[in-house]
Amino acid sequence: DQQVKQNSPSLSVQEGRISILNCDYTNSMFDYFLWYKKYPAEGPTFLISISSIKDKNEDGRFTVFLNKSAKHLSLHIVPSQPGDSAVYFCAASGTSGSRLTFGEGTQLTVNP
Amino acid sequence: DGGITQSPKYLFRKEGQNVTLSCEQNLNHDAMYWYRQDPGQGLRLIYYSQIVNDFQKGDIAEGYSVSREKKESFPLTVTSAQKNPTAFYLCASSNPYNEQFFGPGTRLTVL
């Protein structure tokens, strides 16, 4: 059973516009959420995280929003740049331990 | 420089052979993880270890084995029992805030 889902396999946006990547989860025990960025043939790199006690966390061009009642989080990238083109994974962890559960990923393409 | 190293970057194996993938970290992290990524799929957890001399199965442990004799090292053995071993393998370690940091990966191809 897929506890973390990214329903959009791909997203294409114009340079300078906003990119919004979405993620849904089903496990109400999840209390910490992370976004990772991955280029082909490389390991994912950590981007930004949010605890369930917050509904928003911002770091430069990246903002993560958490809607606990809807079990939904989103990553906003503003303004989008061609170098942002990569696969983005959301991940979640709960109080039971340190393991992360990952979504399937969304391929973001930012067109010049 | 602190980080996670995985070797080799590319690995070829004949069917029926066991192969061991290396993962080393100098971040002083207690927890380490092995994931597998297949084309178009997310990361699936194979094994993880929260402390030296202890490890737990993840979601797809069948056909794999691990050891954690040292804090810095968490090698993964892909055994001949793994039916579909060709994949991209990623090792990670996590800080106390549960932020996982990944190595560059090893692409294993079974010939």
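Restricting attention to the range B:1-21, the residues being within 14 Å of chain A (Cβ to nearest Cβ) and part of a strand (DSSP E or B) number 7. Do you know which residues across the range A:1-43 are assigned to a strand (DSSP E or B) and either touching a Lys or Arg at 6+ places or on another chain (Cβ under 6 Å) or of a type in the set (A, V, I, L, M, F, W, C) (or both)? Once the filter is applied, which keeps residues that are assigned to a strand (DSSP E or B) and either touching a Lys or Arg at 6+ places or on another chain (Cβ under 6 Å) or of a type in the set (A, V, I, L, M, F, W, C) (or both), the range A:1-43 yields A:VAL4, A:LEU11, A:VAL13, A:ILE20, A:LEU21, A:CYS23, A:ASP24, A:TYR25, A:PHE30, A:PHE33, A:LEU34, A:TRP35.
Across the range B:53-77, the qualifying residues are those that are outside any loop (DSSP other than H, G, I, E, B) and within 14 Å of B:VAL19 (Cβ to Cβ), and the one among them that is farthest from the other protein chains (Cβ to nearest Cβ) is B:THR77. Do we find that B:SER80 is more than 14 Å from every other protein chain (Cβ to nearest Cβ) and at pLDDT 95 or above in this structure? No.
For the range A:83-112, residues that are part of a strand (DSSP E or B) and surrounded by 17 or more Cβ atoms within 10 Å (Cβ to Cβ) total 14. Among the residues of the range A:12-46, those that are in contact with a Leu (Cβ under 9 Å, 6 or more places away or on another chain), under 18 Å from B:GLY42 (Cα atoms) and more than 10 Å from chain B (Cβ to nearest Cβ) comprise A:LEU21, A:ASN22, A:CYS23, A:ASP24, A:TYR25, A:PHE33, A:TRP35, A:LYS37. Looking across the range A:58-82, the residues that are free of Cβ contacts under 8 Å to residues at least 24 places away in the same chain, exposed (fewer than 13 other Cβ atoms within 10 Å of the Cβ) and under 26 Å from A:PRO112 (Cα atoms) come down to A:GLU58, A:ASP59, A:GLY60. The set of residues in the range B:30-52 that are of a type in the set (Gly, Ala, Ser) and either more than 9 Å from chain A (Cβ to nearest Cβ) or touching a residue at least 12 places away in the same chain (Cβ under 8 Å) (or both) comprises B:ALA31, B:SER49.
Applying the selection to the range B:93-106, what residues are more than 7 Å from every other protein chain (Cβ to nearest Cβ) and either over 11 Å from B:LEU27 (Cα atoms) or in a loop (DSSP other than H, G, I, E, B) (or both)? If the condition is that a residue be more than 7 Å from every other protein chain (Cβ to nearest Cβ) and either over 11 Å from B:LEU27 (Cα atoms) or in a loop (DSSP other than H, G, I, E, B) (or both), then B:ASN95, B:PRO96, B:TYR97, B:THR106 are the ones that fit. Screening A:TYR32, A:TYR39 for residues that are hydroxyl-bearing (Ser, Thr, Tyr), modelled with pLDDT under 95 and buried (at least 19 other Cβ atoms within 10 Å of the Cβ) leaves exactly one candidate, A:TYR32.
When A:LYS56, A:LYS5 are checked against the criterion of being basic (Lys, Arg), more than 14 Å from every other protein chain (Cβ to nearest Cβ) and over 20 Å from B:PHE102 (Cβ atoms), a single residue qualifies: A:LYS56. Filtering the range B:1-29 to residues that are more than 19 Å from A:THR45 (Cα to Cα), among the charged types (D, E, K, R) and either modelled with pLDDT of 95 or more or surrounded by 15 or more Cβ atoms within 10 Å (Cβ to Cβ) (or both) leaves only B:ARG13. Residues that are part of a loop (DSSP other than H, G, I, E, B) and among the polar types (S, T, N, Q) within the range B:22-52 comprise B:ASN26, B:ASN28, B:GLN41, listed in sequence order.
The values are calculated or read from the model by the stated rules, or taken from the named source; none is laboratory data. This one's a predicted model, so the numbers in the text were calculated from it and none came from an experiment. Don't worry about glycine lacking a Cβ; one is built from the backbone with ideal geometry, like all the others, and counts go over all protein chains shown.
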